[in-house]
Structure formats: structure tokens, C-alpha cells
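The values are calculated or read from the model by the stated rules, or taken from the named source; none is laboratory data. Values in this document were obtained by computation on a predicted structure and should not be read as measured data. Quick reminder, even Gly has a Cβ in these numbers, built from the backbone with ideal geometry, and neighbours come from all protein chains shown. Heads up: the accessible areas ignore ligands, DNA and RNA and are worked out on the full protein's heavy atoms, side chains in. Shrake-Rupley method; radii C 1.70, N 1.55, O 1.52, S 1.80 Å.
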Amino acid sequence: MKICFVLNKIETEKAATSVALMTKAHVKGHDVFVMGVGDFNFESSGTITLNTKQVPTGISTKSPKKYLEILQSAKAKEKKIVSTDVDVLFIRNNPTEEGATRHWAEQAGIAFGRMIQQQGVLVLNDAYALSHAFIDKLYFEELPKDIKPASIITRKKENILSFWEKNNKRIVLKPLEGSGGKDVYLIDEHEKNTNQIIETISNHGYVIAQEYLPAVKDGDVRVLLMNGRVLEENGEKAIIRRVSGKGEFRSNFKQGATADSSELTKEMQYIIDLTAPKLIKDGLFFVGLDIVKDKLIEINVLSPGGLDRFSDIGLPDFTNTVIDAIERKLYYKEKYKGQLSNKVLATMY
């Protein structure tokens, strides 16, 4: 299998989920290519080429950290390849993590992904589904009401303050476009900078005001889904509790949260049962759900992470199961030669 991973930038990548998946594919003997979102080239003939880097096949390492070190060093091979020469394009760049000077990068991966998908390459997640779900939090609002906290999306301060009053003067504010817990605020009746916070977030776009869930004090749970089911390996489920640091209500690992174990509860399964049909229909192969007790607070479809943290609680990293699933998709693609759409292949188990 020839698989190409699309990142924001190779130079700034961390040894997290994407690198863990690359490393496993490399260990399993696949040809792994890596590129930044700025490394696509479209030629007048209609050919799309990719400027990639590759850890040489002769170098063996099971460590994602070591793999990334090689990838970011002079040891990595630079190779320009034609898009149709790869079997899989795995879009793993996160548009919400791009800086103010890289607005061009926000939709580039998805846009080129659509073109490459039309060429017959298997694209994960489905590029047209990613176009629809470009802003994860807006896609989230399409899900059933009873599994979500009350919320509004607006840029009007008076709407936010009215929602705050209706919710016992205790709400969470966050930007519609954002991730990793950045610019997320708990606004209660003691907050002295409410107007300033609203103004700051709304200056950058739409604001989500969300009902505060008291259970968040115990952290939230990240559930990774593959093909609409909880990701499993060796009988273990890819479920991890993210516990907030002292004095912090956000449960993101990037904000200092620590990992703890969690069981799959009836409430979680209910949320999955209501969410999975839409994910499957839309061709979303690899998705992260963030759950607080019986409420889904966020859905991650662009570049869900967390695989690198499971070892902290004695679980497998689940990368073997993910790569195996991609191998099976290629098997079905070859077996049914053009009879199955990318969207169907993306979520075939």
C-alpha cells in the first residue's frame, strides 16, 4: 500500500496521532509519504503532483518520536509523486490550527482532496464529507438535540447575554472555528471581563454559547470511532477520560489535562447509536466524540487525535487496527473495481 498523509506542516508536527499512524504503516511495510498542506501542485494537463518526504524503507523504528525526528531531518527522502500513484490520501491537517498568515491553508487540503478523490484515489475521511463538515462545531449542530447541551451560535452580544441569563448565569463560550481548548471560557456571574471576552471571540468570527455541564468537573471522555463503531483492539476500546488540571475547567490535553480510564456507559452508547448513522452516511471513517456524562459536547472529524495517549493508561495505541482497516478498504476497492464510491469505501468495516 502507498499511503500519503497530509499535515499542516511537517516542520511543526508533533509526535501524536498522525505520526503514530505513519509509524505503524511504516512498520507494517507500506510505502508512507508525508506532505504539508502547501505541497500540492496542479498542472495544466490536469495532473496533480505531491511534494512529499519519506522515512527510507531501510530505517526501522517503532517509536513515533524517532520516526518524526527522521522525517524532520536530512535523512528523510524528498520525492515528488503523482497523486494517482498513491492508493490512499489520508487528510490529517487541521484547518483550525492555521495562523492568521495561512488562511490559504484552511481549505486547501480538502479542496485538493476532492480532486484527487475524483481521480479514483481512496481519500480518508471522504473529502466531500469534510467539505460539508469543514467547521466541526457547525456539523455538530446537525446532530439530535437530546444528546447535546443547549447552545446558540451568534455574533450578537445581546443574544449571548440573554442565553447567559436563561442558563443561571453560567455558560461556556468558544469560537465556532477552533480546537484544542483555545479561547474557551467559563462565564459565570463573577466574571468581570464578560463583555471583553465576547468582543474578543466575536471579532474573529461566530461564537458558540453552550450550557455549562456541572459534570465537566470530572473531565470529559474522548471516544474514537472507526467506521461508525468504537475503535477496538485486542478486546480493548478506544475510550479515554481527560481530567482537567487544577483550577482548569477545560479537558483538552493541549491545556494540561491528564489521561484516565473510562468504561463505555449506556449514555455513551446511546450517543454513539444516534451519531453513527450520520457519520457512516457521510463517509467519515475516523472520528472523535467528546462526551460529558450523557451529553455530546464536541465532535472531531477533521483530524481527531488521542491515539498517542492511550499508553498512559495501559491500553494499546490502536494504530494496528486502523491500518488494518485501511488495508481492507483497498481490498474491497480492488475486488469491486469502481462499483463502490469513496464514501461507501470510507466507512466499510
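M348 is checked against (1) open to solvent by less than 60 Å² (accessible area, probe 1.4 Å); (2) closer than 30 Å to P149 by Cα; (3) at pLDDT below 95 and fails just one. What number does that condition carry?
(2)
Check the stretch 17-29 and report whether any residue there is open to solvent by 30 Å² or more (accessible area, probe 1.4 Å) and in contact with a Lys or Arg (Cβ under 8 Å, 6 or more places away or on another chain).
For the stretch 17-29, residues open to solvent by 30 Å² or more (accessible area, probe 1.4 Å) and in contact with a Lys or Arg (Cβ under 8 Å, 6 or more places away or on another chain): present.
Just the residues that are touching a helix residue (DSSP H, G or I) at 6+ places or on another chain (Cβ under 6 Å), open to solvent by less than 10 Å² (accessible area, probe 1.4 Å) and under 23 Å from Y128 (Cα atoms), please, taken from the stretch 265-299.
G283, L284, F285, V287, I299
Which of the residues spanning the stretch 123-142 are assigned to a loop (DSSP other than H, G, I, E, B) and open to solvent by 10 Å² or more (accessible area, probe 1.4 Å)?
Correct list: F134, I135, E141, E142.
I need the full set of residues from the stretch 36-47 which are open to solvent by 40 Å² or more (accessible area, probe 1.4 Å) and modelled with pLDDT of 95 or more, in order please.
G38, D39, N41, F42, T47
Considering the stretch 311-332 alone, what residues qualify as being polar (S, T, N, Q) and either surrounded by 14 or more Cβ atoms within 10 Å (Cβ to Cβ) or touching a residue at least 40 places away in the same chain (Cβ under 8 Å) (or both)?
Of everything in the stretch 311-332, those that are polar (S, T, N, Q) and either surrounded by 14 or more Cβ atoms within 10 Å (Cβ to Cβ) or touching a residue at least 40 places away in the same chain (Cβ under 8 Å) (or both) turn out to be T319, N320, T321.
When you look at D308, is it assigned to a loop (DSSP other than H, G, I, E, B), charged (D, E, K, R), open to solvent by 40 Å² or more (accessible area, probe 1.4 Å) and in contact (Cβ under 8 Å) with a residue 60 or more places away in the chain, yes or no?
no
So, F33, is that one surrounded by 14 or more Cβ atoms within 10 Å (Cβ to Cβ), in contact (Cβ under 8 Å) with a residue 40 or more places away in the chain, among the aromatic types (F, W, Y) and under 25 Å from R102 (Cα atoms) or not?
Criteria met by F33.
Restricting attention to the stretch 48-89, and to residues there that are assigned to a strand (DSSP E or B) and of a type in the set (K, R), which single residue is surrounded by the fewest Cβ atoms within 10 Å (Cβ to Cβ)?
My answer is K80.
Which ones in the stretch 105-122 are in a helix (DSSP H, G or I), open to solvent by 40 Å² or more (accessible area, probe 1.4 Å) and in contact (Cβ under 8 Å) with a residue 40 or more places away in the chain?
Hits for the stretch 105-122 are F112, M115.
Could you tell me which of the residues L330, L315 is in a loop (DSSP other than H, G, I, E, B) and over 18 Å from the mean Cα position of the chain (by Cα)?
Just a single option satisfies the conditions, and that option is L315.
Please indicate, with yes or no, whether at least one residue in the stretch 95-107 is at pLDDT below 95 and under 30 Å from G338 (Cα atoms).
yes
Which residues, counting only those in the stretch 123-145, are of a type in the set (D, E, K, R) and in contact (Cβ under 8 Å) with a residue 60 or more places away in the chain?
Residues satisfying the conditions are D126, D136, K137, E142.
Of all the residues that make up the stretch 333-343, how many are assigned to a helix (DSSP H, G or I) and surrounded by fewer than 16 Cβ atoms within 10 Å (Cβ to Cβ)?
The qualifying residues number 2.
Looking only at the stretch 179-223, count how many residues are open to solvent by 70 Å² or more (accessible area, probe 1.4 Å) and outside any helix (DSSP H, G or I).
Of the residues in the stretch 179-223, 9 are open to solvent by 70 Å² or more (accessible area, probe 1.4 Å) and outside any helix (DSSP H, G or I).
Looking at the stretch 286-305, which of the residues that are of a type outside the set (G, A, S) and outside any strand (DSSP E or B) is modelled with the lowest pLDDT?
It comes out as L302.
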